[in-house]
1. Of all trypsin sites (Lys or Arg not before Pro) in the stretch 278-360, which ones are in loop regions per DSSP and have a Cβ with at most 13 other Cβ atoms within 10 Å?
2. Between Lys437 and Ser51, how high is the FRET efficiency from 1/(1 + (r/R0)^6) when r is the Cβ-Cβ distance and R₀ = 45 Å? Nearest 0.05.
3. With a 1.4 Å probe and every protein chain left in place, work out the accessible area per residue of the chain in Å², rounded to a whole number.
4. Which value in nm describes the separation of the simple spin-label points at Arg196 and Thr310, placed 7 Å from the Cα toward the beta carbon?
5. Filter the GluC sites (Glu not before Pro) in the stretch 8-104 to those in DSSP coil with at most 16 other Cβ atoms within 10 Å of their Cβ, and list the result.
6. Identify the trypsin sites (Lys or Arg not before Pro) of the stretch 408-489 meeting these criteria: DSSP loop state and at most 15 other C-beta atoms within 10 Å of the C-beta.
7. Rounded to the nearest 10 degrees, what's the angle between the helix 427-439 long axis and the longest principal axis of the chain, both from Cα atoms, 0 to 90?
8. For Lys442, give me every one of the lysines with a C-alpha distance below 28 angstrom, ignoring sequence neighbours fewer than eight places off in its own chain.
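The values are calculated or read from the model by the stated rules, or taken from the named source; none is laboratory data. The structure presented is a predicted model; accordingly, all values stated were derived computationally and were not measured. Glycine also receives a Cβ, built like all others from the backbone with ideal geometry; neighbour counts cover every protein chain displayed. Side chains are part of the model used for accessible areas, which takes the heavy atoms of the whole protein and leaves out ligands, DNA and RNA. Shrake-Rupley method; radii C 1.70, N 1.55, O 1.52, S 1.80 Å.
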Amino acid sequence: MSKRVYIFDTTLRDGEQSPGVALNIQEKLEIAHQLARLGVDIIEAGFPIASLGDFEAVKAIAKEVKGPTIAALARISPQDIDRAWEAVKYAEKPRIHTFIATSEIHMKYKLQMTREQVLAAVLEGVRHAKRYTDDVEFSPEDGSRSDLDFICQVVEAAISAGATTINIPDTVGYATPEEFGRFIAAIRERVPNIDRAILSVHCHNDLGMAVANSLAAVQNGAQQVECAVNGIGERAGNTALEEVVMALYTRRDFYGYETGINTEEIYRTSRLVGNLTGMPIQHNKAVVGKNAFAHESGIHQDGVLKERTTYEIMNPAMIGLVVNNIVLGKHSGRHAFKQRLEELGFTLKEDELNKAFARFKDLADRKKDITDRDLEAIVDAEVRAIPEKYQLEYLHVSSGNRVVPTATLGVRHDGLLSEEAAVGDGPVDAVFKAVDKITGLKVCLKHYALNAVTGGKDAIGEVTAKVEYEGKVYVGRGISTDIIEASAKAYINAVNKIIYELGDLVQTQAM
Ligand code: KIV
Ligand code: ZN
């Protein structure tokens with residue numbers, strides 16, 4: 001029988017630390033529910049001491065999401081641990097994950113602590129966490145660059161103080177597979193009480209080796225892998241969940257391990273995380289990229305048509321990629337629409353279905369065939385929408401290579417229609433400036449991305465606008481067959497998120 005590897009998902013903690021990613025509580029909850037459906041063993045929901053938003057999100061996830069263990073991160077100090085517990089204590093199965101660095105470079109320059117002081121802090125911190133819960137994870141940060149004798153001493157101390165999971169991070173993505181595998185094997189061999197804890201790894205992808213390092217660790221005795229959907233995370237990201245899971249599954253003949261992941265939920269989880277974080281998935285990304293199952297060369301196409309396994313090592317259906325033969329268009333009814341959404345995994349409430357269907361009909365008038373990607377975009381933009389304080393009513397843009405780009409916008413705010421015009425460096429800039437005039441908010445655009453959700457002349461354009469307001473990033477999205485309209489909607493969506501999160505305070509400032 002295969003042995004089990006536990007999947008610890010850190011999309012909402014390390015993943016959310018990706019530059020430019022900012023999820024609100026609703027979005028985090030939605031991802032957490034999806035992670036539970038995916039079957040991860042542990043969800044690291046956030047770092048409660050980091051901000052009030054993180055604290056509230058961990059608390060909400062702990063209260064609502066059933067199934068997986070819910071973990072909260074804390075530095076080894078009592079204040080951090082207390083705060084983590086305050087947020088995570090509501091979970092069915094709460095875990096405190098505490099850490100301190102153990103490499104010479106981190107201890108000397110960052111912590112300015114001696115080995116003895118670090119060791120004492122580990123004992124004290126783990127004991128402190130243990131007063132709250134039995135389930136305590138300890139990580140020696142920058143573990144892979146730590147002295148082996150010292151890390152073994154620290155790990156033994158953490159277990160003696162009550163840690164039930166020991167996680168060895170390759171914090172800066174410096175390790176290589178053979179070396180990291182040997183490091184994990186050595187910890188297993190040398191730490192006398194290691195059998196009293198689950199041994200885990202947490203790899204970063206700075207040299208593109210996070211998945212390989214995690215798999216090498218598994219071969220050498222690691223029982224838990226920490227990873228993030230689409231591999232998002234600090235800098236170059238974390239071990240990609242979908243890659244490590246599908247590698248263990250596809251090559252189970254070689255590895256001999258299994259996970260508890262429901263692989264058919266992988267594609268949907270990946271799309272959800274990509275959409276909500278605003279981090280597009282590269283086309284050639286392993287497992288979930290747009291091209292992962294696309295065959296361009298004639299020889300390959302011929303082979304796949306004769307026998308799929310000639311060029312496909314995974315069945316797309318295994319990751320939940322459904323090939324759809326029914327074409328939805330303007331004559332499709334509500335029943336077919338609902339059925340297709342259900343096949344794609346969206347079970348909507350009656351009012352949500354009504355909203356999505358109205359948007360579908362509107363789109364079908366402008367676009368011949370509606371694809372699955374269009375449907376996902378409709379659900380993202382219409383159903384997951386937060387209250388629309390500002391709504392785009394109309395827009396007129398004049399642009400060209402010899403005119404000053406000008407935009408005139410009509411935006412409804414609490415029932416009242418305001419109109420403003422502005423000029424800009426281009427039509428999109430002019431639109432954003434007109435929105436600023438209407439809302440009166442000092443919003444700074446940090447990033448703008450336009451994606452064609454589907455191909456063809458009548459493709460839907462999906463715009464992601466990341467804006468900063470008072471030091472916090474908000475991500476707005478908008479879709480339309482007209483890219484200027486999609487841009488206006490995305491920018492207004494970001495403004496609505498600011499108002500939703502900060503409430504009346506912002507509104508009075510804007511007056
Ligand atoms: O990369 C790292 O070392 C971490 C720890 C907090 C586990 O994210
Ligand atoms: Zn990390």
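1. On the way: sites: Lys285, Lys290, Lys306, Arg308, Lys330, Arg334, Lys338, Arg340, Lys349, Lys355, Arg359; in loops: Lys285, Lys290, Lys330, Lys349.
Loop-located and lightly packed - Lys290, Lys349.
2. Values: r = 31 Å, r/R0 = 0.68.
The value I calculate is 0.90.
3. Working: 22610 Å² over 511 residues.
Accessible surface, normalised per residue, equals 44 Å².
4. Taking the two extended label points, one gets 5.9 nm.
5. Values: sites: Glu16, Glu27, Glu30, Glu44, Glu56, Glu64, Glu86, Glu92, Glu104; in loops: Glu92.
When the GluC sites (Glu not before Pro) of the stretch 8-104 are filtered for loop state and at most 16 Cβ neighbours within 10 Å, Glu92 remain.
6. Values: sites: Arg412, Lys433, Lys437, Lys442, Lys446, Lys457, Lys466, Lys472, Arg477, Lys489; in loops: Lys442, Lys457.
Qualifying residues, ordered by number: Lys442, Lys457.
7. Rounded to the nearest ten degrees, it is 90.
8. Lys28, Lys389, Lys433, Lys466, Lys472, Lys489, Lys497
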